[in-house]
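Engineer: Dropping a structure here in structure tokens format, bear with me for questions.
The values are calculated or read from the model by the stated rules, or taken from the named source; none is laboratory data. Note that this is a predicted model, so its numbers are computed, not measured. Neighbour counts are summed over all protein chains in view; Cβ atoms, including those assigned to glycine, are modelled from backbone coordinates with ideal geometry.
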Amino acid sequence: MNIEREQLEMDVVFVGAGPANLAAALHLKNIVDEHNELVERGRKSGEKIPDLEIGIIEKGSFVGAHILSGAVMDPIAIRELMPDFLEQGCPVDTVVSSDAFWYLTENRRIESPVTPPPLKNHGKYILSLSKMCEWLGEKCEEAGINIFPEFPGAEMLYDEENRVIGVRTGDKGINKEGERKGNFEPGVDLLAKVTVLGEGSRGSLAKHLMQRLGLNEGKEPQVFSIGVKELWEVPAGNIEEGQVVHTLGFPSDTKTYGGGWIYGMKNNVVSIGYVTGLDYLDPLIDPHAEFQKFKTHPEVAKVLAGGKMLKYGAKTINAGGWNTMPKLYADGVLIVGDSGSFLNGQRIKGIHTAMKSGMLAAETILGAFTHNDFTSKTLQHFEEKVSASWIYDELYPVRNFHGAFQAGRWSALVNTGLQFVTGGYAWGFMPKEHHEAGHERMEKLSEYDYKGDDIKQRYPDLKFDKELTFDKITDVYHAGVAHDEDQPAHLHVLDTEICAERCAEEYGNPCQRFCPASVYEMEFNAKTERRELKINFSNCVHCKTCDIMDPYQLINWVTPEGGGGPNYKGM
Ligand code: SF4
């Protein structure tokens, strides 16, 4: 289709309105103003920088719509960005008043007398990251930054020398046959001196940029986890406001990375969720079912007793840490936040590191404008700034934390203890010298006694009673997902023949299980007399698990029409 597109020239374009990019844009605005004031007063040499045109594009219908996290925030970064963040109305929910770490056996909980240091959260803030991003977005707009919700970044724009020159936003009004509808609006080419990718975990533009420019070369493969979360309202007294519980053990087996969280929020609201490593072995594992099973543990069920589920969501996180961090810059582009692997897997925290990475990117961009050079020569300073900051001090010593879990829970726990003494060395506790990409580890059905792909074989006792436990369709309803059904599916499966034949036999079509939103279904086709793939794309909660975990890497997640997807307001 030959489409005439509008071109908009900006100075800096941020893709994704998450904590990293919002902090980056606001910090950039502040430090440019500061720079100009110092130059004007003769306190700094150099030229003043003209008012920058800064834009943030966001695929959700509003800032925060697609933002999901536990979340307990370490305020170290927001304090640097805005020392009076509380006075300015940052919507923290409550302060962590107590920490607990439970090891769960099938029926019991063994409470650790001491909370492991990385899980100590006393004095930190429990919050809805969606609410916080909504508020940060307002702060950005007050500072004169343009935010464009419902504008997905569909394609990177390059010049003839492979330098990034901006981003193309997605077209609107294309029907499922790929033809223009009456409301057709072409995407816009946003041209920028610097484009910053902060799309979160497995960003679709970041993935292609890394492949095209080889930004992962020499790095360990990224590993991901998926967090499945519900928000509950429970009777008063079930949990204290400010209480934070992290769990290990039930229902994960010892070869699978996984753990739960329970956070007591204001007004008897509970944030509860379960993380499953997307490097599990058993093809019948279903992260949504793991979470539902977690809630049936007597000690967990007690917290939810008499309560009501309010909301649901699922999202992947980059769990690989320092060793899996890609090259974070190229000509005209920087990568921040989860897209750049800034999460601390051991602390299960990434908001503070994401924000700090954004702020360091902003300082790098200021340097680029003062030198009027937007190539790698100047943008490479971003990595130097990261290495000289507290991000390095926090992430480098735990660089082998997640990888060690690929050798099983017990050796990983030994490694976790040892790394405090060794500064992160992991002799013998890693499965190999480097860990493996998650999708390569999935084992075939033939390695198990399973007779087919029925999830019941892995979870024989799991029932969805719609009081404590919910099936995926009920949960998806509580994620507020909406997509216009008359548009091309945004899940591109490169070869559906493999799904119907080889994958069915080898893995039992694990997409039906790892997707937490029932998007993938193998449906019997009477004509071909076999089960074939059906994609219910309108259920998609944009978690990206399928793009990550498909054993053949056939699924390519691309941005749907802007505004579609979950509604995580307040999650
Ligand atoms: Fe997540 Fe993929 Fe399912 Fe969408 S289709 S909810 S991205 S696993």
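Engineer: Kindly evaluate Glu394 against the criterion of being at pLDDT 95 or above and either surrounded by fewer than 23 Cβ atoms within 10 Å (Cβ to Cβ) or closer than 18 Å to Gly198 by Cα (or both).
Structural biologist: When the stated conditions are applied, Glu394 passes them.
Engineer: Listed residues Pro298, Pro326; which is modelled with pLDDT of 95 or more, away from the ligand (no atom under 16 Å from the Cβ) and not assigned by TED's automatic domain parsing to the domain that holds Lys229?
Structural biologist: Result: Pro326 is the single residue among Pro298, Pro326 that is modelled with pLDDT of 95 or more, away from the ligand (no atom under 16 Å from the Cβ) and not assigned by TED's automatic domain parsing to the domain that holds Lys229.
Engineer: Using the structure shown, decide if Glu161 is in the same structural domain as His352 (by TED's automatic domain parsing), at negative phi and assigned to a loop (DSSP other than H, G, I, E, B).
Structural biologist: When the stated conditions are applied, Glu161 passes them.
Engineer: Just to be sure, is Pro283 over 17 Å from the mean Cα position of the chain (by Cα) and buried (at least 21 other Cβ atoms within 10 Å of the Cβ)?
Structural biologist: Spelling it out, Pro283 is indeed over 17 Å from the mean Cα position of the chain (by Cα) and buried (at least 21 other Cβ atoms within 10 Å of the Cβ).
Engineer: Being touching a helix residue (DSSP H, G or I) at 6+ places or on another chain (Cβ under 9 Å), surrounded by fewer than 20 Cβ atoms within 10 Å (Cβ to Cβ) and not in a loop (DSSP other than H, G, I, E, B) is the filter here; which residues of the range 193-243 pass it?
Structural biologist: Of everything in the range 193-243, just one residue is touching a helix residue (DSSP H, G or I) at 6+ places or on another chain (Cβ under 9 Å), surrounded by fewer than 20 Cβ atoms within 10 Å (Cβ to Cβ) and not in a loop (DSSP other than H, G, I, E, B), namely Glu233.
Engineer: Sticking with this structure for a sec: Among strands (runs of 3 or more DSSP E) lying entirely in the range 8-116, which contain 1 or more residues that are without any contact (Cβ under 8 Å) to a residue 12 or more places away in the chain?
Structural biologist: 109-111
Engineer: Can I ask one more? Among the numbered criteria (1) assigned by TED's automatic domain parsing to the domain that holds Asp279; (2) out of contact with any helix residue (DSSP H, G or I) (no Cβ under 6 Å at 6 or more places or on another chain), which single criterion is violated by Pro251?
Structural biologist: (2)
Engineer: Can you tell me which residues in the range 128-158 are in a helix (DSSP H, G or I) and either over 17 Å from Ala20 (Cα atoms) or of a type outside the set (Gly, Ala, Ser) (or both)?
Structural biologist: Of everything in the range 128-158, those that are in a helix (DSSP H, G or I) and either over 17 Å from Ala20 (Cα atoms) or of a type outside the set (Gly, Ala, Ser) (or both) turn out to be Leu129, Lys131, Met132, Cys133, Glu134, Trp135, Leu136, Glu138, Lys139, Cys140, Glu141, Glu142.
Engineer: If you go through the range 321-343, how many residues are under 24 Å from Ala65 (Cα atoms) and surrounded by fewer than 24 Cβ atoms within 10 Å (Cβ to Cβ)?
Structural biologist: 0
Engineer: Another question, then. Starting from the range 512-527, keep only residues that are without any contact (Cβ under 8 Å) to a residue 12 or more places away in the chain and over 14 Å from Leu491 (Cβ atoms), then list their pairs with residues that are more than 11 Å from the ligand (Cβ to nearest atom) and of a type in the set (Lys, Arg) whose Cβ atoms are within a distance under 9 Å, requiring at least 6 positions of separation or different chains.
Structural biologist: From the range 512-527, the pairs are Glu523/Arg531; Glu523/Lys534; Phe524/Arg530; Phe524/Arg531; Asn525/Arg531.
Engineer: If you don't mind, there's one more thing I want to ask. Under the condition of being assigned to a loop (DSSP other than H, G, I, E, B) and touching an Asp or Glu at 6+ places or on another chain (Cβ under 9 Å), which residue from the range 286-320 is surrounded by the most Cβ atoms within 10 Å (Cβ to Cβ)?
Structural biologist: Ranking the candidates gives Ala319 first.
Engineer: So, one more: Would you pick out the residues in the range 172-186 that are in contact with a strand residue (DSSP E or B) (Cβ under 7 Å, 6 or more places away or on another chain) and outside any strand (DSSP E or B)?
Structural biologist: Result: Asn175, single match.
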